[in-house]
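Right, one structure below, let's go through it.
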Amino acid sequence: MDTELGTTFSEPVLMFPQFIKELERLDYQGSLIKLQNFSALVGNQSWVNIHLAFEFHQSPKIIHKVLITRQALSCISKEIILNCKKATLKLDDLELIKLANEYENLIIDLHKMDSSSKDNWLWVLRATNLQHYYLRHPVMIIGRYYYLFQVLLEKHPKFGEFLSKKIKLNLLDIFRIGCCIWGVLNLNKSFYKKNLLNGTVINLQSLLTEANVDNFLKLFSITQKGFQKASKKFTVKDDLLKKYEFNALKRYPIIKTNSRDEKEKYIIPSLGDFMYGFSEGLYYLLIDKINDKQRENLFTIIGSVFENYIGQLINYYNVDLLSRGKLFSEQVYFREKKSKVKSADWILVSEEYIYQIECKKRKGDNYLKAGIDAADGKKGVNKALEDIAKNLDKLIKKEADIKNNKIELIKYNNQKIINIIVYLDEMFSMNTYARAEIIKKMKNKGANFFILGCHDFEILCQMCRNNNSSLQQNILLFVQGKIEVYQIDFLQEVFNTFYRTLKSE
């Protein structure tokens, strides 16, 4: 079997219930081990092309290419945990390739959508959320969240210590242990405590104690029954939307079995979900472990840390200088009794443009990412669009104050004002496809805005440096999809520094 980067397409072949029947024929534990091995083979790549060569007597060799993606491995892993019980059929290479091909070509809402439907944009939202999540490079995601939690511990040591005690592990040690397991799995194609404690990849005796590793496993592992129970609250009933259903492997990426074999007691069938779980997913884990008051404190602190992060990106990439502008941080410009009005988190002022940049913490819940609404209306697409519209309305009010020169140091000289909201979430397709829906919900109508996820803004800043040009030039290229950015230098540096600390301990 040979692998190379690439892509291939074929016609849709079956519905989701048929796909599940194909999976139900497979054994449970052996299939997860096979998926773990293949997931390690994919490694840092988003996908691989598998070349199958069939040679018949007195005929030329026939080569068939099948695309296998991270999201296919993730979904197959999830459905095997949910549906496989006492079957005995082993998951071999050919069977896995067949399942991956069927997954990529499932008949979903995209194939059934009426071309004239007003909700066409929703399937684009669903498809891009699913695709882009697995296209992000692991180093970039680990780097971002390592940086955020590192700043949290530095700026708020008491609260950081409280959170660490709550989960019985230092927040940054979560990243260290996770990366060690990630390395062991990539090297050995299997994971068990002994090869981690013996320092197969990195010798970290003070970190990789049995107590620390056990605590890590308790946080991120789950049994098959536990996984099935946890998945019930995320169930999507419509078979055409099943492909977009939230995968609980993002919260519990390690499956605990009853095997006596040390190499099979803990299985990590989807390495992409494991990487998410101990980095970006740490935010959700902490939310689960604390009460409402502590949660509000976490939201406030993370919001402040994220605001600082966006400022760091702007300064690191010299976005203000490349835009021939000056950057201003948030300031209070109006007080009345107990209330006070603040400017946007960051304002970039040049001769031609004024950018108001507002930083917001989490907004994209699992309903939004699946392109649906919760039954109670409190989560999902509609709620997210309403919240985004309200945030834009606030920025438009601040825009009027800028024009009336009410904000100190901000001099308005008929520049074009552009409003940008950057969310800590990934807001894939929100700016492109949901734009018209957002405008409908705004009280203060206007189209001078861009809705960006954190990854979007990181790419935008990198583009400014790569092109040696201004924010206004690159943001239009970005929203039009004219981008060629595959590495975020800032996050690569963060990750490299983090990795060097692992090697030196």
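When segment 256-275 is limited to residues that are open to solvent by 40 Å² or more (accessible area, probe 1.4 Å) and assigned to a helix (DSSP H, G or I), the one that is farthest from Tyr28 (Cα to Cα) turns out to be Glu262. Just the residues that are among the aliphatic types (A, V, I, L, M) and open to solvent by less than 10 Å² (accessible area, probe 1.4 Å), please, taken from segment 276-287. Correct list: Leu282, Leu285, Leu286. All conditions but one from (1) surrounded by 17 or more Cβ atoms within 10 Å (Cβ to Cβ); (2) under 22 Å from Ile475 (Cα atoms); (3) among the hydrophobic types (A, V, I, L, M, F, W, C) apply to Ala436; the one that does not is (1).
Considering segment 327-345, and only residues there that are of a type in the set (Asp, Glu) and within 15 Å of Lys398 (Cβ to Cβ), the residue that is surrounded by the most Cβ atoms within 10 Å (Cβ to Cβ) turns out to be Asp345. For segment 96-148, filtered to residues that are open to solvent by less than 30 Å² (accessible area, probe 1.4 Å) and β-branched (Val, Ile, Thr), the residue that is farthest from Glu307 (Cα to Cα) is Ile97. Restricting attention to segment 215-260, the residues that are within 22 Å of Ile177 (Cα to Cα) and of a type outside the set (Lys, Arg) total 15.
Contact annotation: no residue pair with Cβ atoms under 8 Å, 6 or more positions apart or on different chains, pairs a residue in segment 220-234 that is more than 16 Å from Tyr276 (Cβ to Cβ) and assigned to a helix (DSSP H, G or I) with a partner that is open to solvent by 50 Å² or more (accessible area, probe 1.4 Å) and at pLDDT below 95.
Taken as a whole, the condition of being open to solvent by 20 Å² or more (accessible area, probe 1.4 Å) and polar (S, T, N, Q) does not apply to Asn247.
Only strands (runs of 3 or more DSSP E) whose full extent lies in segment 304-356 are considered here, and the ones with at least 2 residues that are within 23 Å of Gly453 (Cβ to Cβ), out of contact with any Pro (no Cβ under 6 Å at 6 or more places or on another chain) and of a type outside the set (Asp, Glu) are 326-329, 346-349. The residues of segment 400-421 that are touching a residue at least 12 places away in the same chain (Cβ under 8 Å) and either open to solvent by 20 Å² or more (accessible area, probe 1.4 Å) or assigned to a loop (DSSP other than H, G, I, E, B) (or both), listed by number, are Asp401, Lys403, Lys406, Ile407, Glu408, Leu409, Ile410, Lys411, Tyr412, Asn413, Gln415, Lys416.
Of all residue pairs spaced 6 or more apart or on separate chains, those with beta-carbon atoms under 9 Å, a first member in segment 357-382 that is free of Cβ contacts under 8 Å to residues at least 12 places away in the same chain and a second member that is open to solvent by less than 60 Å² (accessible area, probe 1.4 Å) and assigned to a loop (DSSP other than H, G, I, E, B) are Ala374/Asp365. Scanning segment 180-238 for residues that are open to solvent by 60 Å² or more (accessible area, probe 1.4 Å), among the aliphatic types (A, V, I, L, M) and at pLDDT 90 or above yields one hit, Ala211.
The values are calculated or read from the model by the stated rules, or taken from the named source; none is laboratory data. Because the structure is a prediction, the values reported are computed rather than measured. Glycine also receives a Cβ, built like all others from the backbone with ideal geometry; neighbour counts cover every protein chain displayed. Each accessible area value is taken on the protein alone, full model and side chains, heavy atoms only, with ligands, DNA and RNA left out. Shrake-Rupley method; radii C 1.70, N 1.55, O 1.52, S 1.80 Å.
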